[in-house]
Amino acid sequence: MRPLDVRRLGVVSYADGLDLQAELVVARRAGDIPDTLLLLEHPHVITLGSGSRHEHVLADADERAARGIELFETGRGGDVTYHGPGQLVAYPVLDLKPDRKDLHRYLRDLESMLIRVAGAFTIDALRSEGLTGVWTDVGKLAAIGVRVSSGWITSHGVALNVSTDLDYFQTIVPCGIADREVTSLERELGRSVPMDEASEALVEAFCGVFEREAIVA
Amino acid sequence: MARIEVPMPQMGESIAEGTVSQWMKQVGDAVERDEPILEISTDKVDAEIPAPSSGTLVEIVVPEGETVEVGTIVAYIETEAGAAVAAPAAAAADAPAAEAPAARTAPPVAAPVVETPAASGGDQSAEERLRTRSTPVVRKIAEEHGIDIVSVSGSGHAGRVTKQDILDFIESGASAPPAVPAAPAPAAPAAPVAPSAAPSDLWKQFYGEVKHPEYPVRAADRVEGMDRMRRLTAEHMVLAKRVTPHVHSFIEIDFSSIDRIRAANKARWAAQGARVSYTAFVAWAVSRVLREFPMVNSAVSGNNVIFRGNVNLGMAVDLNPGLIVPVVHDADHLGLIGVGNKIVDVATRARDKKLMPDEIQGATFTITNPGVLGTLVGLPVIPKGTSAILGTGAIEKKVVVVTDPETGADVMAIRKRSLFSLGYDHRIVDGADAARFLAALKVMLEDFPEDA
């Protein structure tokens with residue numbers, strides 16, 4: 001099994017997260033580090049993917065300032081999304097060359113991984129035809145937006161709502177999809193879910209789907 | 001000098017096109033081999049495309065924001081003198097484009113600056129020329145319609161057949177379907193594919209939409225619409241057969257042991273109001289044996305196998321007309337009498353149309369009993385989302401050769417026997433698995449536990 005360095009970083013600003021990923025992508029391409037999975041939370045931030053439409057950001061500058069929400073344009077795929085406390089963000093920096101040089105497969109694998117995580121919490125989650133991400137009957141549980149850099153090195157990744165304050169999604173049209181709700185593990189289960197419990201489940205599901213072995217730091 | 005083509009790379013099996021989201025280099029810029037020169041996006045992925053060779057970016061063919069098929073030339077790079085005539089294929093080796101069939105062979109006479117004669121198209125095979133002249137989308141459409149691409153004139157770069165070319169060709173009727181279907185697979189039904197269908201749409205049509213071919217109606221015929229149940233059944237059967245490779249195995253079961261138990265308990269069960277049919281014995285035994293054969297109680301889901309945590313037995317009930325499959329949930333937690341009563345209960349309510357929605361959902365394995373009407377054996381269709389179905393044939397008295405336990409001599413005896421058939425999904429259940437499952441079921445039924 002290929003090793004996976006799992007780094008739990010706690011709360012990291014979006015800008016620092018971008019810088020760290022940029023460094024790791026270069027290091028991974030050079031073979032200086034193994035495949036790496038970053039697990040973290042961001043402070044309130046709205047990010048725009050390269051395919052984003054600005055009208056999908058509903059909160060104006062004043063409202064964003066009042067609520068302490070940053071705005072960022074990023075190099076990942078996908079439309080607008082929101083990150084904030086209570087949301088488990090996972091950024092895999094993987095070299096896809098050896099075993100899975102297929103963008104769609106990578107997306108589907110990330111979805112499978114998230115479905116397994118939901119399953120670990122007895123939540124039935126599904127793909128939705130034509131919509132990337134993972135969904136329950138209630139709404140979108142996790143968002144996906146990835147980037148593959150030269151040499152098949154991945155960055156960006158998935159954002160799983162664990163105990164996210166879902167009101168913040170009112171400030172955007174998530175992923176440009178207006179008619180679907182957003183949900184979280186807590187909303188689905190009606191109980192509080194500690195972040196550690198969710199990240200444990202995610203690491204296990206990730207290693208299962210991607211056939212990696214987590215390196216215990 | 002050599003002019004190197006930069007094609008839209010194949011970034012995944014099911015990816016037919018990509019959108020140029022950003023040019024990271026401009027015309028006139030020097031580029032290093034493997035240096036990202038543009039960014040493309042497909043779905044929710046952005047990807048950088050590296051230069052296949054070092055040189056100067058001399059032409060950008062596809063501007064930002066435009067979506068083109070895999071294999072389309074998006075730019076040209078001019079290499080230094082004599083740098084590498086054979087560069088395109090080799091240089092692309094580390095790039096994401098490495099596996100792109102379209103990138104493997106550059107069009108032989110694409111560029112005004114021609115490569116060395118040896119590298120030109122003269123000694124290409126027909127197959128190579130064909131690939132050269134078309135993209136995967138076009139080849140797929142051609143295949144679907146049984147069209148020889150060579151017969152289509154190409155309006156694309158270097159005479160390539162574009163998607164529009166082939167769609168126009170189809171619409172013009174030039175591709176009258178051949179008398180013998182090009183593809184032997186039944187997967188290419190008579191139903192025409194909408195000309196605008198992209199591969200993902202074709203995929204959806206294949207799995208998500210069943211179209212039944214239509215036939216001419218003759219004078220004495222009567223035409224009736226299928227009711228909802230018939231339509232659902234028809235669609236389900238087609239999908240199940242399309243998706244699942246079916247194999248069937250058979251075993252003959254001796255019902256002597258079960259008959260003895262039935263005779264011994266007849267009075268007691270009657271007093272309790274218990275209804276223990278042969279089917280109850282079979283369902284009880286199946287629910288126990290299934291625990292030992294998780295693959296028989298599973299479902300192939302994408303590239304995964306879901307091993308079901310419950311044993312929920314679907315019991316096919318003939319409604320004449322029609323058929324419904326109520327489900328005995330967690331059958332492996334019920335005793336013999338419990339299974340028997342439950343089967344009678346759901347079968348009765350099925351005929352009275354009083355089943356609750358959840359009572360026809362969630363089956364993990366199905367039992368059907370064609371034998372009830374005297375049929376010797378059937379080849380049942382596996383319900384989609386499960387991996388196997390058991391068909392029980394008629395239970396009939398037969399003359400069989402048995403060994404007398406006292407004398408050890410072979411003697412003829414009259415026994416109640418029935419042929420069972422197991423239909424199984426050969427993607428997940430191997431023949432030997434099925435044989436072991438049936439053998440274990442036979443042992444259980446022929447030496448039925450007294451305390452079930």
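The values are calculated or read from the model by the stated rules, or taken from the named source; none is laboratory data. Quick caveat: nothing in here was measured; it's all calculated off a predicted structure. Every residue, glycine among them, receives a Cβ derived from its backbone with ideal geometry; neighbour counts consider all protein chains shown.
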Hey, any hits in the range A:76-92 for a residue that's within 14 Å of chain B (Cβ to nearest Cβ), more than 15 Å from the chain's Cα centre (by Cα) and not hydrophobic (A, V, I, L, M, F, W, C)?
no
Within the range B:75-102, tally of residues that are away from every other protein chain (no Cβ under 14 Å), within 37 Å of the chain's Cα centre (by Cα) and either closer than 21 Å to B:Ser14 by Cβ or modelled with pLDDT of 85 or more (or both)
1
Does the range B:213-228 contain at least one residue that is surrounded by 13 or more Cβ atoms within 10 Å (Cβ to Cβ) and not aliphatic (A, V, I, L, M)?
no
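Could you identify the single residue in B:Gly391, B:Gly362 that is modelled with pLDDT under 95 and of a type outside the set (Phe, Trp, Tyr)? I'd like the intermediate steps shown before the answer.
On the way: B:Gly391 fails: modelled with pLDDT under 95.
Unique residue meeting the criteria: B:Gly362.
Working carefully through the options B:Ala191, B:Ala185, find the one that is exposed (fewer than 14 other Cβ atoms within 10 Å of the Cβ), touching a Pro at 6+ places or on another chain (Cβ under 9 Å) and at pLDDT below 85. Reasoning before the result, please.
Numbers: B:Ala185 fails: touching a Pro at 6+ places or on another chain (Cβ under 9 Å).
Only one candidate passes the filter, namely B:Ala191.
Looking at B:Lys398, B:Lys384, which is the one that is out of contact with any helix residue (DSSP H, G or I) (no Cβ under 8 Å at 6 or more places or on another chain) and either assigned to a loop (DSSP other than H, G, I, E, B) or more than 23 Å from B:Val247 (Cβ to Cβ) (or both)? Show your work before the answer.
On the way: B:Lys384 fails: out of contact with any helix residue (DSSP H, G or I) (no Cβ under 8 Å at 6 or more places or on another chain).
Of B:Lys398, B:Lys384, the one residue that is out of contact with any helix residue (DSSP H, G or I) (no Cβ under 8 Å at 6 or more places or on another chain) and either assigned to a loop (DSSP other than H, G, I, E, B) or more than 23 Å from B:Val247 (Cβ to Cβ) (or both) is B:Lys398.
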Members of the range B:14-51 found to be more than 12 Å from chain A (Cβ to nearest Cβ) and not in a strand (DSSP E or B), listed by number
B:Lys25, B:Gln26, B:Val27, B:Gly28, B:Asp29
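Let's see how each residue does on (1) of a type in the set (Phe, Trp, Tyr); (2) closer than 30 Å to A:Val209 by Cα; (3) in contact with a helix residue (DSSP H, G or I) (Cβ under 7 Å, 6 or more places away or on another chain); (4) within 14 Å of another protein chain (Cβ to nearest Cβ):
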| residue | (1), (2), (3), (4) |
| --- | --- |
| B:Ile253 | no, no, yes, no |
| B:Ser256 | no, no, no, no |
| B:Ser287 | no, no, yes, no |
| B:Leu290 | no, yes, yes, no |
Scan the range B:58-74 and tell me whether some residue there is within 14 Å of chain A (Cβ to nearest Cβ), crowded, with 24+ Cβ neighbours inside 10 Å, without any contact (Cβ under 8 Å) to a residue 60 or more places away in the chain and within 19 Å of B:Glu17 (Cβ to Cβ).
no
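Matching residues to (1) of a type outside the set (Lys, Arg); (2) in contact with a helix residue (DSSP H, G or I) (Cβ under 7 Å, 6 or more places away or on another chain); (3) without any contact (Cβ under 8 Å) to a residue 60 or more places away in the chain:
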| site | (1), (2), (3) |
| --- | --- |
| B:Val6 | yes, no, no |
| B:Gln10 | yes, yes, no |
| B:Ile15 | yes, yes, yes |
| B:Thr19 | yes, no, yes |
| B:Gln26 | yes, no, yes |
| B:Glu35 | yes, no, yes |
| B:Tyr76 | yes, no, no |
| B:Glu80 | yes, no, no |
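Sort out for me the strands (runs of 3 or more DSSP E) sitting completely within the range B:239-321 that have 3 or more residues that are buried (at least 16 other Cβ atoms within 10 Å of the Cβ).
Numbers: elements: B:246-254, B:298-301, B:304-307, B:313-315.
Qualifying strands (runs of 3 or more DSSP E): B:246-254, B:298-301, B:313-315.
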Can we say B:Glu396 is free of Cβ contacts under 8 Å to residues at least 12 places away in the same chain and surrounded by fewer than 18 Cβ atoms within 10 Å (Cβ to Cβ)?
no
Search result, residues across the range B:41-57 that are modelled with pLDDT of 85 or more and of a type in the set (A, V, I, L, M)
B:Ile49, B:Ala51, B:Leu57
Selection count, the range A:55-95, where residues are assigned to a loop (DSSP other than H, G, I, E, B) and touching a residue at least 40 places away in the same chain (Cβ under 8 Å):
14
Could you please find all residues in the range B:400-452 being without any contact (Cβ under 8 Å) to a residue 60 or more places away in the chain and surrounded by 19 or more Cβ atoms within 10 Å (Cβ to Cβ)?
none
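If I filter the range A:124-132 for residues that are touching a residue at least 60 places away in the same chain (Cβ under 8 Å) and more than 18 Å from B:Asn303 (Cα to Cα), do I get at least one hit?
Just the residues of the range A:124-132 that are touching a residue at least 60 places away in the same chain (Cβ under 8 Å), to begin with: none.
No, the range A:124-132 contains no residue that is touching a residue at least 60 places away in the same chain (Cβ under 8 Å) and more than 18 Å from B:Asn303 (Cα to Cα).
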If A:Asp79 passes every condition in (1) of a type outside the set (A, V, I, L, M, F, W, C); (2) farther than 24 Å from B:Ser14 by Cβ; (3) touching a Cys at 6+ places or on another chain (Cβ under 6 Å) but one, which one does it miss?
(2)
